[in-house]
Amino acid sequence: MSLPESPAARHEAVAGEFSRLVDRTTDWAAPAPVDGWTALDVVEHLVTWFPGFLAGGGVELPSGPPVADDPAAAWHHQAGAVQALVEERGEEAFSHPRAGTHPLGQAVDRFYTADVFMHSWDLARATDQEPRLDQDVAGQMLEGMRPIEAMLRDSGQYGPAVPVPDDAAPVEQLMGFVGRDPAWRPPAGGTS
């Protein structure tokens, strides 16, 4: 299965997979592959950073319920708000002081949908679910990130790369590149 071409359709597919994982999560305190994070923190990250990013370019995203009160409701609210944004305003110019100027839909796709894609792996692993991530998309993302590796690492958003075999699947290679151990599994006994 490959992702659709349009930013709206890509967001719908990627957010839909994250929604599937959210809806099947029963333990929000489960440790996640990001050091010090739980399943709840994965959702908190996605719901928290993106509205601020959009606001930096003059676009307001309607706020929803707090993640701590209801992680699933908070996620579904944001997924719906972002989907409406890219469907209704995707062709508008969006200028951000650090990200440059792009059509709004492309900015969402490049900076947010890609982040949801990667964090789907985190939530799946934290909650002992199978991530359904497109291998071709993972490979394309990895190829786009390799030339700017130093900038990405210097940003502090990615940890040191975790070595993976050259013949590993693209999703495993991408996760290793962004600092995740593709072999990570929740510790025995669940939450700590």
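Structural remarks
- Evaluation of GLU92 against (1) at pLDDT below 95; (2) under 19 Å from the mean Cα position of the chain (by Cα) (one fails), failing number: (2)
- Conditions (1) over 28 Å from PRO187 (Cβ atoms); (2) open to solvent by 20 Å² or more (accessible area, probe 1.4 Å); (3) within 14 Å of the chain's Cα centre (by Cα); number of the one not met by ALA79: (2)
- Hey, ARG185 open to solvent by 60 Å² or more (accessible area, probe 1.4 Å), within 17 Å of SER120 (Cβ to Cβ) and more than 16 Å from the chain's Cα centre (by Cα) or not: yes
- Within segment 1-91, helices (runs of 4 or more DSSP H) holding 2 or more residues that are in contact (Cβ under 8 Å) with a residue 24 or more places away in the chain and basic (Lys, Arg): 7-23
- Top-ranked residue in segment 35-59 [being modelled with pLDDT of 95 or more and of a type in the set (D, E, K, R); ranked as least open to solvent (accessible area, probe 1.4 Å)]: ASP41
- Pairs, first closer than 24 Å to GLY90 by Cβ in segment 111-138, second among the charged types (D, E, K, R), C-beta under 6 Å, six or more apart: THR113/ARG10; SER120/GLU17
- Any chance ASP136 is outside any loop (DSSP other than H, G, I, E, B), touching a Ser or Thr at 6+ places or on another chain (Cβ under 9 Å) and either closer than 29 Å to ASP27 by Cα or not aromatic (Phe, Trp, Tyr) (or both): yes
- Under the condition of being touching a helix residue (DSSP H, G or I) at 6+ places or on another chain (Cβ under 9 Å) and in a loop (DSSP other than H, G, I, E, B), the residues counted in segment 158-178 number 12.
- The set of residues from segment 84-140 being open to solvent by 10 Å² or more (accessible area, probe 1.4 Å), among the small types (Gly, Ala, Ser) and out of contact with any helix residue (DSSP H, G or I) (no Cβ under 7 Å at 6 or more places or on another chain) comprises ALA84, ALA93, SER95, GLY100.
- For beta carbons closer than 8 Å, sequence separation of 6+ or different chains, a first residue in segment 139-155 that is of a type outside the set (Phe, Trp, Tyr) and a second that is loosely packed, with under 11 Cβ neighbours inside 10 Å, the qualifying pairs are ARG153/PRO160.
The values are calculated or read from the model by the stated rules, or taken from the named source; none is laboratory data. Because the structure is predicted, anything quoted here is derived from the model rather than measured. Note that we place each Cβ from the backbone using ideal geometry, even for glycine, and neighbour counts take in every protein chain shown. Heads up: the accessible areas ignore ligands, DNA and RNA and are worked out on the full protein's heavy atoms, side chains in. Shrake-Rupley method; radii C 1.70, N 1.55, O 1.52, S 1.80 Å.
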